[in-house]
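First up is the structure itself, then whatever we jot down about it.
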Amino acid sequence: MARITASLYTSHVPAIGAAIDLDKTHEPYWRKVFDGYEFSKQWMKDHKPDVIFLVFNDHATAFSLDMIPTFAIGTAAEFMPADEGWGPRPVPKVIGHPKLAAHIAQSVIQQDFDLTIVNKMDVDHGLTVPLSLMCGQPEAWPCPVIPFAVNVVQYPVPSGARCFALGQAIRKAIESYDEPLNVQIWGTGGMSHQLQGPRAGLINKEWDNAFLDRLVADPVGLSKVPHIEYVREAGSEGIELVMWLIARGAMSDIAGGPNPKVAHRFFHVPASNTAVGHLILENG
Ligand code: DHB
Ligand code: FE
C-alpha cells in the first residue's frame, strides 16, 4: 500500500522564484531566505518521495472568475509552468501521476468531498516556487507531482476545519492505493501577508509563530480557527494558510498514530511582502 511519509509546509512568494530564475539568491536580502532551505534541499535528497501530493492555490492563472473550483485535483500526465505575465518560469514541466490521482479522486469523492477533476492545467508560482525551494534547479523535478488546487482567492473559501477533514480523507485515499509508494504531502502558501488595501504590507510574526507551534502540537484546535481570524491577524492573503491544514490532516497522528517528528522549522521576514514559514514533519 502507498503511505504518507512526511508533510512539508512552505510559503510560495513569487519573488523567490524570480530571485532563483534571475540568479539573485546570493544577494544578502535573498541569502537569508534561501539559507533556511539549505537543510530542506539535503533532506529532500535523503528522503526522495515517489510522489508529491502538492496542495497549492492558483492565483487566477489557470482559473478565473469564469470558474472557481473550491478543491481541484490535477489528474493529467503533465502540467506546464504557467505564463503569469512575464513568460513561464524556466523550470521543468511537472509530471503528474494520473493513476494515483484518479484513485484519490475516486476515494475522496466517495468520502463525500466534491472535488473538481482537472485534466488540463498550467501551474503558477503557487506550485512551482515550493518545488524550486525544495529541489533547487534540476533538469527534471525529482518525482511525479499531483497538483491539488484550493480556492483561497475568491470568497467563499473553504474553512480550516473543512481543509483538515479533507486531509484525513486524502490520507485514507493514499493508504488504500495498492502500490508501495512513498508519498509526501505538501501544504503551501502563507504566512501572514496582505497585498492590497489600507493594510497592505501587514506582517504578524507572533501570530505566524503561534500558527507554526499549533500546527505541530495542536492541529485539531488550530483547525477550528475561523476565517475572520486569519484575515484580521495574518492579512487578506494570510488565508492561504488554511491549505496547510490539508497536509496536517493527512498525518498519521490525526488517525491515532504517533506524533510526527519536526525535522526542520524556519521563519523569516521579509521576502517581498510576505513572512516566510517552513516546516518539515516526518510521520512517526
Ligand atoms: C506575494 C505573495 C504571494 O503569496 C503571492 O501569491 C503574490 C505576491 C508577495 O509577497 O509579493
Ligand atoms: Fe499567494
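The values are calculated or read from the model by the stated rules, or taken from the named source; none is laboratory data. These numbers were taken from a predicted model, which means no experiment stands behind them. For neighbour counting, all protein chains shown are included, and Cβ atoms are generated from backbone atoms with ideal geometry for every residue, glycine included.
Given the criteria assigned to a loop (DSSP other than H, G, I, E, B) and within 16 Å of ligand 2 (Cβ to nearest atom), does residue 58 qualify? Yes; evaluated as a whole, the condition is true for this residue.
Does residue 36 count as more than 14 Å from ligand 1 (Cβ to nearest atom) and under 20 Å from residue 141 (Cα atoms)? No; evaluated as a whole, the condition is false for this residue. Scanning the stretch 150-163 for residues that are surrounded by fewer than 24 Cβ atoms within 10 Å (Cβ to Cβ) and in a helix (DSSP H, G or I) returns 161, 162.
Restricting attention to the stretch 20-33, which residues are assigned to a helix (DSSP H, G or I), surrounded by fewer than 22 Cβ atoms within 10 Å (Cβ to Cβ) and in contact with a helix residue (DSSP H, G or I) (Cβ under 8 Å, 6 or more places away or on another chain)? So that I can check it myself, show each step before the final result.
First pass over the stretch 20-33, keeping only residues assigned to a helix (DSSP H, G or I): 20-21, 28-33.
Now narrow it down to the ones that are surrounded by fewer than 22 Cβ atoms within 10 Å (Cβ to Cβ): 20-21, 28-32.
The answer is 20, 30.
Of the residues making up the stretch 40-50, those that are within 21 Å of residue 189 (Cβ to Cβ) and in a helix (DSSP H, G or I) are 40, 41, 43, 44. Within the stretch 98-111, identify whether any single residue is crowded, with 17+ Cβ neighbours inside 10 Å and either modelled with pLDDT under 95 or part of a loop (DSSP other than H, G, I, E, B) (or both), and answer yes or no. Checked against the condition, which is being crowded, with 17+ Cβ neighbours inside 10 Å and either modelled with pLDDT under 95 or part of a loop (DSSP other than H, G, I, E, B) (or both), the stretch 98-111 yields no hits at all. The single condition among (1) closer than 30 Å to residue 28 by Cβ; (2) within 13 Å of ligand 1 (Cβ to nearest atom) that residue 243 does not meet is (1).
So that you can scan it fast, the table gives a plain yes or no per residue for (1) within 16 Å of ligand 2 (Cβ to nearest atom); (2) outside any helix (DSSP H, G or I); (3) surrounded by fewer than 24 Cβ atoms within 10 Å (Cβ to Cβ):
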position: 148; (1), (2), (3): yes, yes, no
position: 167; (1), (2), (3): no, no, no
position: 178; (1), (2), (3): no, yes, yes
position: 186; (1), (2), (3): yes, yes, no
position: 190; (1), (2), (3): yes, yes, no
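Quick check: is even one residue across the stretch 81-90 among the basic types (Lys, Arg), under 19 Å from the mean Cα position of the chain (by Cα) and either farther than 18 Å from residue 142 by Cβ or within 16 Å of ligand 1 (Cβ to nearest atom) (or both)? Yes, some residue in the stretch 81-90 is among the basic types (Lys, Arg), under 19 Å from the mean Cα position of the chain (by Cα) and either farther than 18 Å from residue 142 by Cβ or within 16 Å of ligand 1 (Cβ to nearest atom) (or both).
Can you name the residue in the stretch 217-235 that is part of a helix (DSSP H, G or I) and buried (at least 19 other Cβ atoms within 10 Å of the Cβ) and, of all such residues, is nearest to ligand 1 (Cβ to nearest atom)? Checked the stretch 217-235; the qualifying residue nearest to ligand 1 (Cβ to nearest atom) is 234. Yes or no: the stretch 47-58 includes at least one residue that is crowded, with 22+ Cβ neighbours inside 10 Å, within 22 Å of residue 164 (Cα to Cα) and among the aromatic types (Phe, Trp, Tyr). There is at least one residue in the stretch 47-58 that is crowded, with 22+ Cβ neighbours inside 10 Å, within 22 Å of residue 164 (Cα to Cα) and among the aromatic types (Phe, Trp, Tyr).
Annotation for the stretch 79-92: no member residue is in contact (Cβ under 8 Å) with a residue 24 or more places away in the chain and assigned to a helix (DSSP H, G or I). The set of residues from the stretch 246-284 being part of a strand (DSSP E or B), surrounded by fewer than 24 Cβ atoms within 10 Å (Cβ to Cβ), within 16 Å of ligand 1 (Cβ to nearest atom) and among the small types (Gly, Ala, Ser) comprises just one member, 271. Scanning the stretch 248-284 for residues that are of a type in the set (Gly, Ala, Ser) and within 16 Å of ligand 2 (Cβ to nearest atom) gives 271, 272, 275, 277.
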